[in-house]
Amino acid sequence: MGEADTIEPIRIDAELWSHRDLLERIIGRWFHIIDEVPDVEIGWQVKLATNQDSADTALIALNKHLRELSWVAILQEGSPYDLVILPEPPQAEGLSNGQVTAIWTVFTIFLTLAGAAWLQLQDTGLKLTDAQLLTEAFCWFALPIVLVMFISSDLRRRIALQGGVSLGHHIPLAVPFLMTPAAPIWPFGIIGFTSQRRMDLITFSNRKSLALITIIAPLTMIVSGSILTIVGYWITSSITPNFESAPPLVEPSIVSELVLGFLLSSEEMSLRSVWLHPLGLAGISLTTMGWILLLPLPGFPGDRLLSALLSPGEMEESGTQTWLFVGILGAGIYVILNGGFFPWLILVGLGAWRRFSPESSNTPFVLNEFVGLDDGVRNQFGIVLIALLLLGFPGLVPVEELQDWDAGLDTSDWPIEVTFDPGESGILVLPLKTQGIMPIDIDFQTSFVGLEVMSEWSGCGQSSPDGINNCEFKDIGPSSNQHYQIDFEAEVLMSASSSFIMVLHWEENLESYSHSIFFTPSSRPAAATPQWTWDGNWDAPQYCIELHLDEGRSGNLSIDSPLFSFAGESILAISSGVNETVCIDGVLGSSRTVNELYGDLEMMVAPDLIATMDDGTVIKWKLSIEKQHIQMFEGAYPASEAFQRESYLVLIEDGESIRCPFGINQNPETVDWHSIDENGTWVWNLSEIPQGFYSPDGNHSLNGTLIIPNEGLLLQCLGHQRLQVAKLQPAPTTIDAYSGNHIDPSWPIRNHGDEPVYIEVQRATFGVQSSLNLSSFTLQPGEQWQTGINTFEENYTIQNILWLEASSNHWILHAVSHCIAPEGCGV
């Protein structure tokens with residue numbers, strides 16, 4: 001080696017630096033060290049070096065250098081600063097781009113399947129393998145959620161990078177089905193939105209950066225979700241899907257509900273919540289998940305945001321932790337008392353457990369604790385946080401099973417009483433909608449209780465001489481705009497001075513329903529009820545009714561029948577302004593004279609009650625009798641002679657509703673008589689076949705026999721209108737005069753049995769010497785007997801009443817004569 005190649009010696013510092021000396025020399029580039037911080041392993045009291053403009057930028061530069069040595073510096077409040085050196089928290093390796101892409105792809109597929117399950121609830125005919133179903137679920141449910149959550153994740157990642165923090169994208173979690181077991185729990189698909197890295201090991205430059213990084217994703221999700229919710233509700237169809245079971249009912253957030261209140265009615269919004277468009281469900285899913293992320297639960301972004309808003313060290317204080325724990329318990333109790341929504345209870349339990357778990361309640365790692373947040377920034381973040389928690393609140397029970405989803409017609413808005421003015425026309429409008437969500441078809445039948453308004457009404461735009469026509473309505477739903485309009489004409493109510501009842505009948509799922517509307521005249525005096533009540537005594541009947549009397553008017557009552565009186569008096573005085581119950585008493589046989597025929601309708605009608613007022617006004621009431629029916633006796637009758645006209649017969653048990661059935665077959669050629677033999681002979685036993693079409697004419701009746709049982713009620717219908725109701729009674733044998741009310745002189749009594757029939761005659765006279773020449777007799781099989789007795793004799797001074805009564809082994813023919821002349825009959 002030559003002289004020129006001689007190696008220069010290396011100078012070595014004779015003073016060996018310690019670890020602390022190394023850190024002091026590094027820190028000295030940005031801060032001037034004053035003294036060591038007591039009770040800290042590595043820490044100094046420092047002040048900003050003269051060549052530095054701000055402690056924040058100096059700390060950033062210092063940490064950039066220290067991180068190369070796996071150290072970090074924390075600047076805390078001191079004299080003027082405390083600088084603490086700590087080992088840099090371990091940083092786990094993040095997921096690769098390929099792994100993140102795979103996770104988001106699976107998340108999208110799961111959301112597509114969850115959206116398809118939601119659509120299947122609205123149409124059970126759809127299959128999960130249908131391409132159209134999956135396409136619609138992807139476009140309207142999965143894609144909006146994925147886009148919003150990815151944008152939220154990317155915004156947080158970019159803002160964190162600006163603050164010197166590498167967080168990567170969120171990890172979204174979802175389930176590929178609706179969590180709706182026995183009761184709806186979670187139909188939103190999304191179940192989590194977590195970070196790749198442990199947030200308690202991430203170092204944030206300052207509290208403002210921590211607050212901004214924490215709030216950006218929930219803020220984006222809540223705002224975007226609210227917009228999607230509003231749009232989803234707006235495009236949701238108003239037509240009810242074909243549900244087969246109780247559907248879940250979702251609830252929008254408060255802010256969405258407030259905005260929707262200007263666009264939709266509350267009823268329409270509630271209905272659309274049941275079959276909400278998948279875009280609306282996606283919006284609610286985003287809003288709900290964003291709201292959950294903002295809850296101050298350990299490990300949640302909301303807890304970190306609260307830590308950023310509080311003063312340094314305040315979050316770690318035991319008092320703060322205790323109040324947060326008490327708040328969680330209070331929220332849990334409130335949830336339990338208000339529906340006990342299961343996911344909320346899970347969050348409450350998780351928050352209460354993690355609040356005092358050392359591993360779960362670590363506060364965020366903030367490097368610059370001295371700067372903090374100024375009041376203006378803190379107030380802005382606080383206002384945004386409170387607004388998001390309040391306006392984004394999804395409700396105490398955001399998902400629940402819809403009750404009474406298949407309930408029928410809603411009559412809650414129908415009147416039960418109407419006051420009318422005699423002589424005036426009117427319109428009764430009944431809104432048609434359902435209590436549940438399923439549309440139904442209704443066929444209404446209308447009947448009246450009260451004689452003065454039995455005809456000349458109109459419904460469905462047409463009138464009928466037999467009352468209101470049947471009206472059929474299709475697709476009545478919860479928001480149906482259909483109405484049942486009934487018009488009543490002035491001439492119908494011109495003389496109506498008594499109350500009456502209009503009864504609407506309909507069927508739902510083969511069950512019968514009815515609604516009664518009580519019509520009351522405004523004029524006085526007036527009958528308070530549409531029918532007389534009856535004490536049940538056929539021999540000496542008493543009928544009673546309540547009258548509404550007029551203020552300042554008095555008068556007298558009389559009866560348009562000599563067979564009835566007011567406890568023996570023909571006149572009853574009525575006082576003004578007092579409601580009074582009026583009773584009339586009948587003599588023997590009078591109850592057999594109260595059946596009258598009104599067109600095709602035979603009813604039990606009491607004699608006219610006449611009010612003659614002191615001012616000369618005369619008012620008449622002709623009212624039917626409640627629960628009194630003609631009597632009909634059991635037996636086997638020739639079909640051609642059993643009834644006078646064709647009708648539909650219905651056997652009704654005592655206590656059942658008396659109305660004509662729906663959908664009855666009016667074509668006798670299609671009736672199945674069940675037992676027609678080769679000779680065309682048939683037998684119809686009403687006990688075995690309780691209803692069917694009857695015609696006294698035609699081939700079916702020539703050789704037919706109608707067997708009437710000994711109990712129940714027999715209803716005759718013409719179309720859907722009631723013709724007659726008969727009370728069935730036991731009898732020893734079959735004779736023609738089946739009606740037990742009275743015997744018309746033109747009606748023969750014929751023995752249709754195979755044995756002789758003994759008929760005992762019992763005579764009675766009142767105030768007159770009877771000229772009836774009757775005695776007991778026997779009718780042989782096939783023999784008939786005609787009374788030949790006139791109902792009225794001696795210029796209508798005597799009234800004869802005849803009726804049959806069945807005993808255990810024979811018949812009794814009652815023959816009663818009454819003097820009906822006001823001046824008497826001389827006896």
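Annotation for segment 62-151: trypsin sites (Lys or Arg not before Pro) lying in DSSP loop with at most 10 further Cβ atoms inside 10 Å of their Cβ are LYS127.
How do the peptides 204-214, 135-145 rank, highest first, by the average count of neighbouring beta carbon atoms within 10 Å per residue? Write out the running numbers ahead of the final one.
On the way: 204-214: 23.5, 135-145: 21.5.
So the order, starting with the most tightly packed, is 204-214, 135-145.
Overall dimensions of segment 250-296, expressed as equivalent-ellipsoid semi-axes from the Cα gyration tensor (√(5λ), whole Å, largest first), are 21, 12, 8. Within a straight-line Cα-Cα reach of under 12 Å, LYS622 can be paired with the following aspartates and glutamates, leaving aside sequence neighbours fewer than 8 residues apart in one chain: GLU452, ASP560, GLU596, ASP608. Treating each Cα of segment 23-165 as an identical point scatterer and summing with the Debye formula, the log10 of I(q)/I(0) at q = 0.11, 0.15 Å⁻¹ comes to -0.62, -0.82.
Within the chain, which DSSP H helices have Cα atoms that stretch 24 Å or more along the helix axis and a mean Kyte-Doolittle hydropathy of at least 0.5?
Numbers: long enough: 97-122 (38 Å, 1.00); 143-162 (28 Å, 1.00); 207-235 (42 Å, 1.49); 318-337 (29 Å, 1.42).
Sorted by number, the helices that extend far enough and score high enough are 97-122, 143-162, 207-235, 318-337.
Backbone geometry of segment 562-576 corresponds, through the Karplus equation with coefficients 6.51, -1.76 and 1.60 at θ = phi - 60°, to 3J(HN,Hα) couplings of x, 8, 10, 8, 8, 6, x, 9, 8, 10, 10, 7, 10, 9, 7 Hz, x marking Gly and Pro.
Computed over the Cα atoms, what is the radius of gyration of the chain divided by 2.2 N^0.38 Å, N being its residue count? Numbers along the way, then the final one.
Working: Rg = 46.4 Å, N = 827, 2.2 N^0.38 = 28.3 Å.
Rg over 2.2 N^0.38 Å, computed on Cα atoms: 1.64.
Output the relative contact order of segment 38-178, whole-number percent, from Cα pairs under 8 angstrom with separation of 6+ residues. Intermediate results must be reported in sequence, preceding the final value.
Details: 136 pairs, mean separation 30.0, N = 141.
Averaging sequence separation for qualifying contacts and normalising by length gives 21 percent for segment 38-178.
Principal semi-axes of the equivalent ellipsoid, √(5λ) from the alpha carbon gyration tensor of segment 524-605, are 24, 16, 11 Å from largest down.
Taking every protein chain into account, the accessible area of the chain amounts to 48 square angstrom per residue (probe 1.4 Å). Peptides 110-123, 157-170, 241-254 ranked from most to least packed give 110-123, 241-254, 157-170, packing being the mean of other C-beta atoms within 10 angstrom over each peptide's residues.
Within a straight-line Cα-Cα reach of under 12 Å, LYS64 can be paired with the following aspartates and glutamates, leaving aside sequence neighbours fewer than 8 residues apart in one chain: GLU88.
Quote the charge dipole size of segment 228-357 about the Cα centre in Debye, to the nearest 20; the model charges only the Cβ of Lys and Arg (+1) and of Asp and Glu (-1). All intermediate terms of the calculation are to be shown ahead of the outcome.
On the way: 4 positive and 9 negative charges, 41 e Å.
Once rounded to the nearest 20, the dipole reads 200 debye.
At 1.4 Å probe size, with the rest of the protein present, what percent of the exposed accessible area of the chain is carbon and sulfur atoms?
Values: 20960 of 39570 Å².
Carbon and sulfur together cover 53 percent of it.
Could you tell me the relative contact order of the chain? Use alpha-carbon pairs under 8 Å, at least six residues apart, and round to a whole percent.
Once divided by the residue count of the chain, the mean separation gives 7 percent.
Sequence-ordered 3J(HN,Hα) estimates for segment 767-773 from the Karplus curve with 6.51, -1.76 and 1.60 and θ = phi - 60° stand at x, 7, 8, 6, 9, 5, 10 Hz, glycine and proline given as x. Along each principal axis, taking the top coordinate minus the bottom one, the Cα set of segment 225-280 gives 32, 21, 17 Å in descending order. On the principal axes of its alpha-carbon atoms, segment 165-207 has extents of 48, 18, 13 Å, going from largest to smallest.
Residues whose amide H lies under 5 Å from that of PHE31, counting only those 5 or more places away or on a different chain, are ALA49; hydrogens are built 1.01 Å from N in the peptide plane. Kirkwood analysis of segment 223-374, using all unique Cα-Cα pairs, places the hydrodynamic radius at 18.0 Å.
The values are calculated or read from the model by the stated rules, or taken from the named source; none is laboratory data. Nothing here was measured: the structure is a model prediction, and the numbers come from that model. With ideal geometry, Cβ positions are generated from the backbone for all residues, glycine too; neighbour counts draw on all protein chains shown. Each accessible area value is taken on the protein alone, full model and side chains, heavy atoms only, with ligands, DNA and RNA left out. Shrake-Rupley method; radii C 1.70, N 1.55, O 1.52, S 1.80 Å.
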